[in-house]
Amino acid sequence: MRVLILGATGSIGRHLVPQALALGDEVTALVRDPSQLEARHERLRAMPGDALDPVAVAAAVLGQDAVVFSLGRRSHRAPTTMFSDATRILIHAMITHGVRRLVCVTGIGAGDSRGHGGFLYDRIVFPWITRETYVDKDRQEALIRASSLDWIIVRPASFTNGPQRGHLRALTNLEGVTIRSISRADAAAFVLAQLRSDTYIHQAPLVGY
């Protein structure tokens, strides 16, 4: 499978790239600084460019079978439109070039996953640290839901640097649910599995332990 990854040098992207290569995929990474890519492989193509540049995004999307959106930001406190702006550009490019499968990573705190991360996240981290990020991620999810793409939104719980365990919960009915964490390695594996599965098409599973 030919896969474009946006956010390949981010905290989950650093797991997505080597895992996708291990699956035999041909990976294109659109990155502002290709030297930041840790992986080196004959099936990895680094394209210099910005996810907010329509020309660069269109060139990266061309010829792909699927796209993984895993962009993040270092500081969450200031308002942003980066997620929704980049998603709007990406959706247009995918529709133009006939690429249908989009797996987008948002996170716990988006949409109806808000309030399901446990006391520390729900009462401290979200209201004081990540709220502004999720204002825009809500806009991002709305754009994806309104699109004609074969989309899956993955909402990981709070990230850890633990190993890939392979045993996680993926839930769309969140009544009475609390999911506190997931390793970046496990989140990446779940995201990549959605490229080949229709189980969660047009759904937004919350994933974690």
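Before moving on, here are some points about what is shown:
- Percentage relative contact order, the chain, counting C-alpha pairs under 8 Å, at least six apart: 21
- Here's how it looks for Ser183: its modeled amide H is under 5 Å from those of Thr160, which are all 5 or more places away or on a different chain.
- 0 to 90° range, to nearest 10: angle between helix 184-193 axis and the chain longest Cα axis: 60
- Rounded if a/c under 1.5, otherwise prolate or oblate - the stretch 20-95, Cα gyration tensor axes: oblate
- Centroid-to-centroid, using Cα positions, the stretch 1-46 and the stretch 98-151 are 23 Å apart.
- Of the residues Leu195, Gln36, His76, the one whose Cα sits farthest toward the positive end of the charge dipole of the chain, with +1 on the Cβ of Lys and Arg and -1 on the Cβ of Asp and Glu, is His76.
- All other residues whose Cβ lies under 15 angstrom from that of Leu168 are scored, Lys and Arg at +1 and Asp and Glu at -1, for a net of +4.
- Whole-Hz couplings from phi, Karplus 6.51/-1.76/1.60, listed for the stretch 23-36; x for Gly and Pro: 7, x, 6, 8, 10, 10, 10, 8, 9, 5, 10, x, 5, 7
- Label-point separation, Thr160 to Arg180 (7 Å along Cα→Cβ), nm: 0.9
- With Cα atoms, 0 to 90° folded angle of helix 82-97 axis to the chain main axis: 40
- Residues with amide H under 5 Å from that of Arg114, placed H, sequence gap 5 or more: Gly109
- Highest mean first, the peptides 13-19, 182-188, 116-122, 162-168 sorted by other C-beta atoms within 10 Å per residue fall in the order 182-188, 13-19, 116-122, 162-168.
- Environment charge of Ile95, counting only residues whose C-beta is closer than 14 Å and scoring Lys/Arg +1, Asp/Glu -1: +2
- Carbon/sulfur fraction of accessible area - the stretch 53-209, other protein chains in place, 1.4 Å, %: 54
The values are calculated or read from the model by the stated rules, or taken from the named source; none is laboratory data. What you see is a predicted model, and the numbers here were worked out from it, not measured in a lab. Don't worry about glycine lacking a Cβ; one is built from the backbone with ideal geometry, like all the others, and counts go over all protein chains shown. Remember, those area values only see protein heavy atoms, side chains included, never the ligands or the DNA or RNA. Shrake-Rupley method; radii C 1.70, N 1.55, O 1.52, S 1.80 Å.
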